[in-house]
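Read through the structure below, which is laid out as structure tokens, and then see the notes.
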Amino acid sequence: MKFVDKVALVTGGSRGIGLATAKMLSENGATVIITGKDSKRLEKVSSEISNCIGIAGDIRNTNDVKNIVKKTIEKFGRLDILVNNAGIFPQIKQLHEIEEEEWNEVLDVNLTGQFRFTKEAIPHLQKTSGSIINISSDAGLKAYQGFNADAYSASKAALIILTKCWALEYAKDKIRVNCICPGVVDTDMTKPFLKTQNDKEFMDNEHPLGRIGQPEEVAKAIIYFASDDASWTTGAVLAVDGGQSTK
Ligand code: NAD
């Protein structure tokens, strides 16, 4: 039990990588708060996990974010772990076809959203010498032929450098900040790209280990960074991607 008496907040914890992480944190003794936009789904999912509650809110709305952190502290009195996981993937388009609105939407959720949660969480993490785990992407590490999701790539690359900035800034408070870059993982986000057998084979072959990942395989790396096993690790960027970023 790595997280007895610890309180963890997982943004976008209602499904996919966030949900797998919330379950694993709970199995390891943590009290877990999951967030997302869909309150009904959060209620259902959180009721199936021990010591877990859902608090709905839109990561684009500063008041919602403030409210989620405030409720967490009111109810549990502390915060030890923040997993900045919520994210969206835009429609595949070349840069010259993207409307500014679409660009802003992706940055608002994937980048400014992480800023909002981190800003609210820091004063509480300072009290617990807590840990932040940012979920970036292989798309933040390198460009991929035909990927054409520039706003997404920009948001994920920004999270990598912010991980290092925040690690340096808050090392004095013993807050550790680390980052994970997943390859393609089998979640609702990637369903549109895995419709046919050909799509699946193509995606599997993109990864040197010969297959896409499962949410639990990313969650295990998040658990490592969140735990004392990583007590001397901060500012690190870990690809959990079946080798995709090595090519
Ligand atoms: P998902 O689509 O299954 O889940 C995304 C979560 O984010 C949901 O819980 C959703 O409610 C939440 N969310 C989205 N917009 C929100 C908003 N405006 N306000 C509040 N919550 C919002 O995605 P996933 O595949 O589990 O991805 C989780 C993270 O991992 C994302 O940051 C994603 O970019 C990253 N990632 C995923 C993959 C992949 O292949 N699935 C690869 C690399 C990185």
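A few points about this structure:
- Residue within region 86-95 that is under 17 Å from the mean Cα position of the chain (by Cα) and either open to solvent by less than 10 Å² (accessible area, probe 1.4 Å) or over 26 Å from A154 (Cβ atoms) (or both) present: no
- Scope region 162-189; condition without any contact (Cβ under 8 Å) to a residue 60 or more places away in the chain and open to solvent by less than 90 Å² (accessible area, probe 1.4 Å); matching residues: L162, C165, W166, Y170, D173, I175, R176, V177, C179, D186
- Residues of region 191-209 include none that is crowded, with 18+ Cβ neighbours inside 10 Å and among the β-branched types (V, I, T).
- Residue satisfying condition, being within 9 Å of the ligand (Cβ to nearest atom), under 19 Å from E216 (Cβ atoms) and either crowded, with 19+ Cβ neighbours inside 10 Å or modelled with pLDDT under 95 (or both), within set I34, I59: I34
- Residue check, K2 modelled with pLDDT under 95, away from the ligand (no atom under 16 Å from the Cβ) and buried (at least 16 other Cβ atoms within 10 Å of the Cβ): yes
- Flag for K142 being closer than 30 Å to H96 by Cα and surrounded by fewer than 18 Cβ atoms within 10 Å (Cβ to Cβ): yes
- Of all residues in region 139-150, one or more are more than 12 Å from the ligand (Cβ to nearest atom) and either of a type in the set (A, V, I, L, M) or within 26 Å of T72 (Cα to Cα) (or both).
The values are calculated or read from the model by the stated rules, or taken from the named source; none is laboratory data. The structure presented is a predicted model; accordingly, all values stated were derived computationally and were not measured. In this analysis, Cβ positions are derived from the backbone assuming ideal geometry, glycine residues included, and neighbour counts consider all displayed protein chains. Please note that ligands, DNA and RNA were not included when accessible areas were found on the heavy atoms of the full protein model with its side chains. Shrake-Rupley method; radii C 1.70, N 1.55, O 1.52, S 1.80 Å.
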